[in-house]
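The values are calculated or read from the model by the stated rules, or taken from the named source; none is laboratory data. All values derive from a computational prediction rather than experimental measurement. Quick reminder, even Gly has a Cβ in these numbers, built from the backbone with ideal geometry, and neighbours come from all protein chains shown. Protein only, heavy atoms only, side chains kept; ligands, DNA and RNA dropped before computing areas. Shrake-Rupley method; radii C 1.70, N 1.55, O 1.52, S 1.80 Å.
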Amino acid sequence: MSNQENKLLVCDLDGTLLDAKGTIDQKSLESIKAFCKDGGHFVICTGRMDADILYVEEKLGFKSDFRISQNGAVIKNEKNEIISLCPIDKGYIATLNRIIFSKGLRTEVSNPTNRLFPSPRNPEDVAEFVDTSRVVSNLEQVVLEEKEPILYLTFGTSEDFEEIRQEIEASLGKGTVNIVMTSPSSLEVFSNEASKGIALKHIQKLLDIATKDTYVAGDAQSDVSMFAYTKHAFAVQEADPTIRQQADWYVKTVGDVVNYIYEQEDKL
């Protein structure tokens, strides 16, 4: 095996590294471990909380130089130190609270370490590997006082979300915050300074790794922002055709991406 110290592989979690059942195929796991052993830099970049990345790393038996969580808003190093944080501008919180909470929809808000809930969830709705939730009865007031609010997550319909988007843009202006429909039933509002792509660029600078030596694997629209920072963007698993069109290649698993990295090395 060759030395991979100048290579960076950044990988989404759900639907990319992990399948729909939350598992990873053995060949991919073995390939990733070999890549890390050969000096390669492997970084998980997800919309999940950092605690879930730690859980996955421990279960799978590898440790990353950095961890990118909450769609790029939080970056931690292997010492568990926050090295980059993109909270929502505090000047926007009162307006966002007024618009979002007035709809009567279930809304959850995250900070760098916890998800704040207005009431307990149905156990069947718990998707996290590690439950970092805190139930607070006066969520709107708590968010107003929160030191570093990262993200609003609201559940509803596309009609609800369009109404919220229009009201936010009318009050704060277009592009002031990111407003992203992450599924047919969920909307996220977060800092316009946060994205997976921006986080990847930060990691590249820290590791001094070039675009040509960066490899990205993803399956969703939130991953596309990373494609601009690599010559090797891979759509994987069940990625929608629109995501495949924006990637450079489609492969079945992250293990196939690792194999591609070694194949490229062999051609030199």
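So how do 41-49, 217-225, 155-163 stack up, highest first, on mean other-Cβ count within 10 Å? Before the final figure, lay out each step's value.
Working: 41-49: 24.6, 217-225: 22.9, 155-163: 14.4.
Result, highest mean Cβ count within 10 Å first: 41-49, 217-225, 155-163.
Greater than 21 Å separation of Cα atoms is the criterion. Which listed pairs, K37/K201; K21/K59; K79/K212; K147/K196; K59/K231; K27/K231, meet it?
Numbers: K37/K201 24 Å; K21/K59 15 Å; K79/K212 28 Å; K147/K196 23 Å; K59/K231 30 Å; K27/K231 24 Å.
Flagged as over cut-off: K37/K201; K79/K212; K147/K196; K59/K231; K27/K231.
Mind listing the Cα extents of region 151-262 along all three principal axes, in Å, largest one first?
So the extents along the principal axes, rounded to whole Å, are 49, 31, 19.
Where Lys and Arg each count +1 and Asp and Glu each count -1, what net charge lies around I243 among other residues with Cβ under 11 Å from its Cβ? Each step should come with its number before you reach the end.
Working: positive: R244; negative: D12, D219, D223, E238, D240.
Neighbourhood net charge equals -4.
Given a Förster distance of 41 angstrom, what is the FRET efficiency for N3 paired with R98, based on the Cβ-Cβ distance and rounded to 0.05?
Details: r = 55 Å, r/R0 = 1.34.
Rounded to the nearest 0.05, the efficiency is 0.15.
Average projected area of the Cα convex hull of region 1-119, in nm²? Present the calculation step by step, with values, prior to reporting the outcome.
On the way: hull surface 37.4 nm².
Result: 9.3 nm².
Counting helices only, and only those DSSP H runs with n ≥ 4, report the 222 nm mean residue ellipticity of the chain as the sum of -39,500 (n - 2.57) divided by its residues, in deg cm²/dmol to the nearest 500.
Using -39500 (n - 2.57) per qualifying helix, the result is -10500 deg cm²/dmol.
Just for the chain, what percent of DSSP beta bridges are antiparallel, to the closest 5?
Working: 24 of 45 bridges.
Within the chain, antiparallel bridges account for around 55 percent of the total.
What is the extension gain from E81 to D25, computed as 0.36 nm multiplied by their sequence separation minus the C-alpha to C-alpha distance, in nm to one decimal? Show your work: numbers first, answer last.
Numbers: separation 56, 0.36 × 56 = 20.16 nm, distance 3.03 nm.
Result for the pair: 17.1 nm of gain on full extension.
Quote the FRET efficiency, to the nearest 0.05, computed for T242 versus D160 with a Förster distance R0 of 30 Å and r equal to the Cβ-Cβ distance.
On the way: r = 23 Å, r/R0 = 0.77.
That gives a FRET efficiency of 0.80.
With a probe of 1.4 Å, find how much accessible area the chain has per residue, and write the answer as a whole number in Å².
47 Å²
At R0 = 41 Å, how high is the FRET efficiency between K63 and Q221 if r is their beta carbon distance? Nearest 0.05 is fine. Don't skip to the end; give the middle numbers.
Working: r = 29 Å, r/R0 = 0.70.
The computed FRET efficiency comes out at 0.90.
What dipole magnitude, in Debye to the nearest 20, does region 9-112 give about its Cα centre under +1 on Lys/Arg Cβ and -1 on Asp/Glu Cβ? Present the calculation step by step, with values, prior to reporting the outcome.
Numbers: 14 positive and 15 negative charges, 73 e Å.
Around 340 debye, computed over region 9-112.
Translational D (Stokes-Einstein, µm²/s) of the chain at 25 °C and 0.890 mPa s when Rh comes from the Kirkwood sum over C-alpha pairs? Don't skip to the answer; put the middle values down first.
On the way: Rh = 19.2 Å.
Roughly 128 µm²/s, to the nearest whole number.
What do you get for GluC sites (Glu not before Pro) in region 1-108 restricted to DSSP loop and a cutoff of at most 16 other Cβ within 10 Å of the site's Cβ?
Values: sites: E5, E30, E57, E58, E78, E81, E108; in loops: E5, E78, E81.
Passing sites in region 1-108 are E5, E78, E81.
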